[in-house]
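Chemist: First, the structure itself, so that you have it in front of you.
The values are calculated or read from the model by the stated rules, or taken from the named source; none is laboratory data. What you are looking at is a predicted structure, and each value in this text was computed from that prediction instead of being measured. For neighbour counting, all protein chains shown are included, and Cβ atoms are generated from backbone atoms with ideal geometry for every residue, glycine included. Note: areas computed on protein heavy atoms with side chains; ligands, DNA, RNA excluded. Shrake-Rupley method; radii C 1.70, N 1.55, O 1.52, S 1.80 Å.
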Amino acid sequence: MRGQRAALRPSRAQTRGAAIAALVALAPLLPAAAVALGSHEVDARLPYLCTLPSGPQTATVRIRATVPDRATVGETIAAADVSTTLELPAAVAAELTALEAATVRMETTLTVGVGQNGGSTDVTWLGTAQPAAIPAEGPLTLTSTGDVPALTTGTAGELTLTAGNLAVGLAPSKADGTPTGPASLSVSCVPGPDAEGRTLARIPVTAGSTGTPSPGAPSIPPTAPSSSPASFPSSPAAPSGQPSTPAGRETAGGAAGAPPDPASASDAGKGPRVATGNAPATAARPKAPPCVTEKPTSTSLSAYITGYSNVRKLDGASLIPVSCVQLEQGEPVIDFRPDGSIHLLQKSEGSLLYQGRKQSPPFTSTFLTFGFAPTTATLVLEQAGPLVVESDVLLVFPDNIAETYIRVPLVLRVLDVEVNGTPLDVGPGCRTVKPLTSPEPQPAKYPGDHLVLLGKGQLLNGTDATGYVLTSGGPLTGEVTVPAFKGCGAGGENLDRLLTAAISGPGNHIRQIQGQTCAVGVEVPTEGQCTADRQPYVVPKPER
């Protein structure tokens, strides 16, 4: 019997092989830096002519990236570790020094031509650089980094990436950190005339298993050229947990499973193109607080949250209003565990936002205090530290399990109180003595007082996620202790003990609902995820 069990038990190599297969199957879900299977380095130094306010200057642009060696039809083609280095002559450094600048920060927009089978389109590679010191002599060298859009193509044939124009923004600052006058300089750079020398990569695309249409599948009309359009997923840095065929991604025939669009067919000869990604009409969107990301990056996300929190002492529930959350996604990490399992880990940080402050909108709750006195209070949740999102996706092909913890220190502030219709002046400083607290599964790693919410999700390849996943949203639950109150009262009256006796205590259950995120910094957001001005389109409804 023992021998039979041993025969049925998969070997360590088999277990690791199955986990690898799960990772490969999830490749379309991962950011460019997360998967590097069969890739090579691009390192091109190219001559450019840059036009500055003072006149034209010759420059050298170095473009570095990691790209796949080859791809198959329908497979995600993503460039990773992308950087753009601009070397300007010493005259430019002297020009900035004359403005009393000590440091300069750079942002770049590189146009990259994507060509296949005679058709082509342009995409943009965005980059940002940390402030760098301006040298006293010699050239000024600045390097920007950033994520770039990934590609898919619906046809076989060599895919080429070609360097094009470069737009540069320079923000010089004085030694004390204040901006110079002018506060920014715009620089336009065009490449040298050697077109062949500007080719960054050539990636063979073969038909593979997806290249043969299934019976009854839509085909390109005979009048269309052989080049089928490529499309871009919704976010170049989308975290794990998105469906393997994200909404808004298009194939050669338009939306997946739909018949060919005549307009798409007429454009097919133009080569790879960007997915449409038009947001629905904003008139259909429920009312929500503003949620505009002021300075988005390629990893910026925003979403709305709402829900209920039970107040055990008052035997009731308080509605948590629709609130804006803005996040910056961290770098995903592939973790190979000793047991042979593979986990995709990602840690992101963000904040609540309401009228420029890290807080929820004010919300009103009514309870029977001490079981008989109707009491109405206007409350605000104020963020007292970083909001951290830690995601862990266990890659077990074809069913992947996601677990996400959200941690944030929140202070509960009381603005106004009415007892049986009579105003009770709590003063301007009425709040909990410390942040709300939850049971913490990793106290050594996350010390201090903070709220903990947990979301669990499931991702079956080829289908939408169920439960909670950061990018698609869903329910989050937790339990919180409300601390004692301080600073409550006016005119010499101390109401701290009254509010503490009525509200404070453990065992208060929270159920929060997060809506679909908006990938703010991508060139063309996926349809249905963002409004025209890049706010989250989905406004969730609270659930008990």
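Chemist: Report the full-extension gain for the segment Ala102 to Glu331: residue separation times 0.36 nm, less the Cα-Cα distance, to one decimal in nm.
Modeler: Values: separation 229, 0.36 × 229 = 82.44 nm, distance 3.08 nm.
Going from the current span to full extension adds 79.4 nm.
Chemist: What distance in nm separates the two pseudo spin-label positions at Thr178 and Ala94, each 7 Å out from Cα along the beta-carbon direction?
Modeler: Spacing of the two 7 Å Cα→Cβ label points: 2.8 nm.
Chemist: To continue, here is another question. HN-Hα J couplings of region 532-538 from phi, Karplus 6.51/-1.76/1.60, θ = phi - 60°, integer Hz, Gly and Pro as x?
Modeler: Each residue's phi maps through the Karplus curve to give 4, 9, 6, 10, x, 7, 7 Hz.
Chemist: Of Lys347/Lys445; Lys358/Lys456; Lys358/Lys541, which ones are farther than 24 Å apart at the Cα?
Modeler: Details: Lys347/Lys445 13 Å; Lys358/Lys456 26 Å; Lys358/Lys541 22 Å.
Over 24 Å Cα-Cα: Lys358/Lys456.
Chemist: Under the Karplus relation 6.51 cos²θ - 1.76 cosθ + 1.60, θ = phi - 60°, what is the ordered set of whole-Hz ³J(HN,Hα) values for region 103-119, x standing for Gly and Pro?
Modeler: Karplus-based 3J(HN,Hα) across region 103-119 equals 9, 8, 10, 10, 10, 10, 10, 9, 7, 10, x, 10, x, 7, 6, x, x Hz.
Chemist: So, one more: Would you list His343, His40, His509 from the most to the least accessible area, probe 1.4 Å? Mind showing how you got there, number by number?
Modeler: Working: His343 20, His40 65, His509 85 Å².
The most accessible residue leads, giving His509, His40, His343.
Chemist: Ok, one more. Amide H neighbours of Val311 under 5 Å, at least 5 residues apart or on other chains, H built in the peptide plane: list them.
Modeler: Placed amide hydrogens put Gly316, Ala317, Ser318 under 5 Å from Val311.
Chemist: What spacing in nm lies between the two simple spin-label points modelled at Arg70 and Thr297, each 7 Å away from Cα in the Cβ direction?
Modeler: 3.6
Chemist: What are the ³J(HN,Hα) values, in whole Hz, obtained from phi via the Karplus relation 6.51 cos²θ - 1.76 cosθ + 1.60 with θ = phi - 60°, for each residue of region 164-170 in sequence order, with x given for Gly and Pro?
Modeler: Each residue's phi maps through the Karplus curve to give x, 5, 10, 9, 10, x, 10 Hz.
Chemist: If a paramagnetic tag sat 7 Å from the Cα of Lys486 along the Cα-Cβ line, which residues of region 392-421 would have the backbone N under 16 Å from that point?
Modeler: What the label zone holds, given the 16 Å backbone N cut-off, is 410-414.
Chemist: Would you please calculate the Kirkwood hydrodynamic radius of region 77-172 over all C-alpha pairs and express it in Å, rounded to one decimal? Before the final figure, lay out the partial values.
Modeler: Numbers: mean 1/r = 0.0666 Å⁻¹.
Final number for the Kirkwood radius of region 77-172 is 15.0 Å.
Chemist: So what's the Cα pair-distance distribution over region 407-520, bin width 10 Å, in %?
Modeler: Going out from 0 Å in 10 Å bins, region 407-520 shows 13, 31, 27, 19, 8, 2, 0 percent.
Chemist: If I stretch the segment between Thr366 and Gln442 completely, what's the gain in nm (0.36 nm per residue apart, minus their alpha carbon distance), one decimal?
Modeler: 23.9 nm
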